[in-house]
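Chemist: Structure incoming, see below.
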Amino acid sequence: MAAVLDRLAQKLQQGERLAREEALALFGTRDVVALGRLAGAAKRARFGERAHFVINRQINPSNVCVLSCRFCDFATKRGRPNAYEMTIQEILERCSPELREVHIVGGLHPDWPWGFYLEMFRAIRTAFPQIQIKAWTAVEIDYFSKKFRLSVEEVLRQLKDAGLAALPGGGAEVFSERVRRSLFPFKIGAPRWLEIHRIAHRLGIPTNATLLYGHMETHEERVDHMLRLRALQDETGGFMSFIPLAYQPGKTRVVARQASALEDLKTVAIARLLLDNVPHIKAYWVTMGEESASVALQFGADDIDGTIGEERIMHAADAASPVSLTRGRLVELIRESGCVPVERDALYRTIHVYDDHAHCENTVSQ
Ligand code: V47
């Protein structure tokens, strides 16, 4: 395996791309440290010692959802004790002037009208003009398009006019028909997810992409997922960030245990090497845990997401991480990894570089 890694290192140095079989071989390696070194070098070539975070808040306006995906503990049906629906006022109460980003996703609500979604954005934009709205996955955009009989272009145009800055990467799960049929048969599959992101990119709306791993998918399916994202990115250049999401078994228990820390680090590292055209690789502290996310910054990741405020999706599935982190803790996690913390906005524009240790004490409680 050492010879394989050496050969890949040479290939990468010459600016060549990893092929499918090479990425698969990396999943098989026991030399995780050498893999991490390769991916860390690729991260440093782009960002030096910098690593990003954002002061953000996740808002999930409702968990009522017309779908019932086998891996999801968040979604529920109206009338169940855990069902909730927020008003626009309740959404506004979750926003505050320090925030740079709100990340809004929810269930596919059975009967909220289209005007509610637009009004929600307008209300946020009016009350908090400095907040960028990253909202609604491709699954939700597809649902709005069908439910309100609008083209995807029209849905996105109207949302953009109302304040949408970017789409989050959710709903991609894993681009495998085999897995879709088993875990989320009524949710859109890869072709539609990719089509919606292609349209968003054409309209000048940047997006993220996720991969849900650590359930029943194979390494081949993980690699194929990344390769399909790489192909779309070659075409559009519209993806900002790739976020591997480790499946939280919660009550759905597709598998008994979450992927190991080593598997998390390998997935991050291989994403950095394979997705050579996606600038940012996120180590999502909510699913990986704070410590692994910090280590992942030496394994190819350059971002650890943000303060989050109130994480509900993974915590519905009993995630062990906190629901929120302070700015001070994020700065500390990044510094512990040996990187320089860079506070960013939702579009990865730099807000502040924490190269002065005095800022380490700076904590906010959202
Ligand atoms: O699509 C649901 C996943 C996603 C579970 O774009 C689960 O910056 C693990 O997309 N275990 C939504 N994952 C979250 C998401 C996201 C998160 C952070 C940042 C960004 C971004 C996007 O959560 C869903 C699904 O794949 N999910 N249930 C679970 N039990």
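Chemist: How many residues are polar (S, T, N, Q) and in contact with a strand residue (DSSP E or B) (Cβ under 6 Å, 6 or more places away or on another chain) when one looks only at the stretch 20-59?
Modeler: 2
Chemist: May I ask you to list the residues in the stretch 88-120 that are open to solvent by 20 Å² or more (accessible area, probe 1.4 Å) and among the hydrophobic types (A, V, I, L, M, F, W, C)?
Modeler: 88, 92, 112, 114, 116
Chemist: For the stretch 255-289, give me each residue that is over 23 Å from residue 311 (Cβ atoms) and assigned to a helix (DSSP H, G or I).
Modeler: 262, 266, 269, 270, 272, 273, 274
Chemist: Follow-up. Could you say which residue among 163, 171, 238, 250 is on the phi > 0 side of the Ramachandran plot and either more than 9 Å from the ligand (Cβ to nearest atom) or open to solvent by 20 Å² or more (accessible area, probe 1.4 Å) (or both)?
Modeler: Answer to the selection: 163.
Chemist: Can you find a residue in the stretch 32-54 that is touching a helix residue (DSSP H, G or I) at 6+ places or on another chain (Cβ under 9 Å), of a type in the set (Lys, Arg) and without any contact (Cβ under 8 Å) to a residue 12 or more places away in the chain?
Modeler: Yes, because at least one residue in the stretch 32-54 is touching a helix residue (DSSP H, G or I) at 6+ places or on another chain (Cβ under 9 Å), of a type in the set (Lys, Arg) and without any contact (Cβ under 8 Å) to a residue 12 or more places away in the chain.
Chemist: Can you tell me which residues in the stretch 63-100 are among the aliphatic types (A, V, I, L, M) and away from the ligand (no atom under 13 Å from the Cβ)?
Modeler: Selection gives 64, 66, 83, 86, 88, 91, 92, 99.
Chemist: Hey, can you tell me all the residues within the stretch 189-201 that are open to solvent by less than 40 Å² (accessible area, probe 1.4 Å) and more than 18 Å from the chain's Cα centre (by Cα)?
Modeler: 199
Chemist: Now a separate question. Taking the stretch 216-225 as the region of interest, how many residues are more than 15 Å from the ligand (Cβ to nearest atom) and either in a helix (DSSP H, G or I) or closer than 23 Å to residue 303 by Cβ (or both)?
Modeler: Matching residues across the stretch 216-225 total 4.
Chemist: For the stretch 87-94, does any single residue satisfy the condition of being under 21 Å from residue 186 (Cβ atoms) and basic (Lys, Arg)?
Modeler: No, that holds for no residue.
Chemist: Hey, another quick one. Taking the stretch 202-215, which residues are assigned to a loop (DSSP other than H, G, I, E, B) and either open to solvent by less than 20 Å² (accessible area, probe 1.4 Å) or within 13 Å of the ligand (Cβ to nearest atom) (or both)?
Modeler: Those that are assigned to a loop (DSSP other than H, G, I, E, B) and either open to solvent by less than 20 Å² (accessible area, probe 1.4 Å) or within 13 Å of the ligand (Cβ to nearest atom) (or both): 205, 206, 214, 215.
Chemist: Of the conditions (1) under 25 Å from residue 233 (Cα atoms); (2) more than 13 Å from the ligand (Cβ to nearest atom), residue 290 clears all except one; give me its number.
Modeler: Among (1) under 25 Å from residue 233 (Cα atoms); (2) more than 13 Å from the ligand (Cβ to nearest atom), the lone unmet condition for residue 290 is (1).
The values are calculated or read from the model by the stated rules, or taken from the named source; none is laboratory data. Nothing here was measured: the structure is a model prediction, and the numbers come from that model. Virtual Cβ from ideal backbone geometry, glycine too; neighbours counted across all protein chains shown. Note: areas computed on protein heavy atoms with side chains; ligands, DNA, RNA excluded. Shrake-Rupley method; radii C 1.70, N 1.55, O 1.52, S 1.80 Å.
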